[in-house]
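Right, one structure below, let's go through it.
The values are calculated or read from the model by the stated rules, or taken from the named source; none is laboratory data. Given the structure is predicted, the values throughout are model-derived calculations rather than measurements. Here the Cβ positions follow ideal geometry from the backbone for every residue, glycine too, while neighbour counts run over all protein chains shown. Ligands, DNA and RNA are excluded from the accessible area calculation, which covers all protein heavy atoms including side chains. Shrake-Rupley method; radii C 1.70, N 1.55, O 1.52, S 1.80 Å.
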Amino acid sequence: MLSGLSLPMLAGLMTAGVLLDLILGETRRWHPLVGFGRLASALERLLNRSRGRFLRGALAWVLAVLPISYAAWWLCGLAGAALHVFLLYLCLGLRSLRDHNQPIADALAMDDLDKARLLTARIVSRDTNNADASSLAKASTESLLENGNDAVFGTLFWFAVAGGPGAVLFRLANTLDAMWGYRNERYDWFGCCAARIDDLLNYLPARLTALSYVVMGKTMADKKRAWQCWRSQAPSWNSPNAGPVMASGAGALGLAVGGDAIYDGELERRPPLGAGRPAEARDIDRAWRLVAETAVLWLIWVALLAGLYYLRGKYLA
């Protein structure tokens, strides 16, 4: 392991980080990612000029991500296991996914479309001003499935690879993609490096997440549908990593998502994902439970690997 942690230690620290996230949730004030977002915005304003935007964007990525990741690695060398757990807690977003999406489900259940539109606009980039209840439920469900990978499973994967510093590097890179990875006049070249690095870091986690959603299907029919949606629909999605995750997750839930959506006042023709009925308010909780149960599955996998590692060392010693 790049972190220098043994598998049994890693399994324990990962479980502790997930439990800490579920118990405490997102910090109410002074969240490090909010401060990082301000730093990223300042770097973008300073470096995003008319010439050499790709190289300027690459430089901005290096300046934003590498010093903080190095500092995390250096501090973990001094503070040890406790800091690994704390960094994982700061990077995880399992509890926050529920905290941000459950109020949307509650508003939809009370037929409060104005509140549901406002809350949904805070978590997605599409226009929600005139969205109906089904569109809002679909947007929230898609966000849960996609961000299950970004905020949970990608973070756990890179924690397994490199401990707390790995989780930090991944979450910072993912945040820059969310801020700069747009295909428009301002960010197309400047954010290209951030988008490609995020694609690379997310490639394996996204496919492990999609496979996990297949495994977590409640019935064999759900598992088969999730697998078929992943293999047939994901290649047509514009994101190489979001496509597999959302197609598999929607298939496991028996939901039809994707399709047309409005961004910046323009209708964007998006391919369909999943199969089944349209998303409803109750499916927001179902999507979060799929993510949460999959997180438990990952912890079990890591614990089993740690057990095999321990037994191998015991009997081969």
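Okay, residues lined up against (1) within 24 Å of Leu204 (Cα to Cα); (2) assigned to a loop (DSSP other than H, G, I, E, B):
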position: Ala221; (1), (2): no, no
position: Ser239; (1), (2): yes, yes
position: Gly243; (1), (2): yes, no
position: Ala250; (1), (2): yes, no
position: Leu273; (1), (2): yes, no
position: Glu293; (1), (2): yes, no
position: Leu299; (1), (2): yes, no
position: Leu304; (1), (2): yes, no
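For the structure I just gave you, tell me whether Met14 is open to solvent by 50 Å² or more (accessible area, probe 1.4 Å) and over 16 Å from Ala173 (Cβ atoms). Against the criterion (open to solvent by 50 Å² or more (accessible area, probe 1.4 Å) and over 16 Å from Ala173 (Cβ atoms)), Met14 does not qualify.
Per this entry, Leu90 is not counted among residues that are in contact (Cβ under 8 Å) with a residue 24 or more places away in the chain, part of a helix (DSSP H, G or I) and crowded, with 23+ Cβ neighbours inside 10 Å.
Considering only residues in the range 178-211 that are in a helix (DSSP H, G or I) and of a type in the set (Phe, Trp, Tyr), the one that is farthest from Ala151 (Cα to Cα) turns out to be Trp180.
All told, Gly249 falls short of being surrounded by 18 or more Cβ atoms within 10 Å (Cβ to Cβ) and at positive phi. The set of residues from the range 126-139 being more than 9 Å from Ile262 (Cα to Cα) and of a type outside the set (D, E, K, R) comprises Asn129, Asn130, Ala131, Ala133, Ser134, Ser135, Leu136, Ala137, Ala139. Within the range 23-35, does at least one residue satisfy the condition of being outside any helix (DSSP H, G or I), in contact (Cβ under 8 Å) with a residue 24 or more places away in the chain and open to solvent by 60 Å² or more (accessible area, probe 1.4 Å)? Within the range 23-35, one or more residues are outside any helix (DSSP H, G or I), in contact (Cβ under 8 Å) with a residue 24 or more places away in the chain and open to solvent by 60 Å² or more (accessible area, probe 1.4 Å). Number of residues in the range 111-142 that are among the polar types (S, T, N, Q) and surrounded by 24 or more Cβ atoms within 10 Å (Cβ to Cβ): the value is 3. Residues considered: Arg49, Arg53. Of these, the only one that is farther than 17 Å from Ala303 by Cβ and either among the aliphatic types (A, V, I, L, M) or open to solvent by less than 80 Å² (accessible area, probe 1.4 Å) (or both) is Arg53.
Among the residues of this structure, Ser96 counts as one that is open to solvent by less than 40 Å² (accessible area, probe 1.4 Å), out of contact with any Leu (no Cβ under 7 Å at 6 or more places or on another chain) and of a type in the set (S, T, N, Q). Of the residues making up the range 63-89, those that are in contact with a Gly (Cβ under 9 Å, 6 or more places away or on another chain) and not aromatic (Phe, Trp, Tyr) are Ser69, Ala72, Leu75, Cys76, Gly77, Ala81, Leu83, His84, Val85, Leu87, Leu88.
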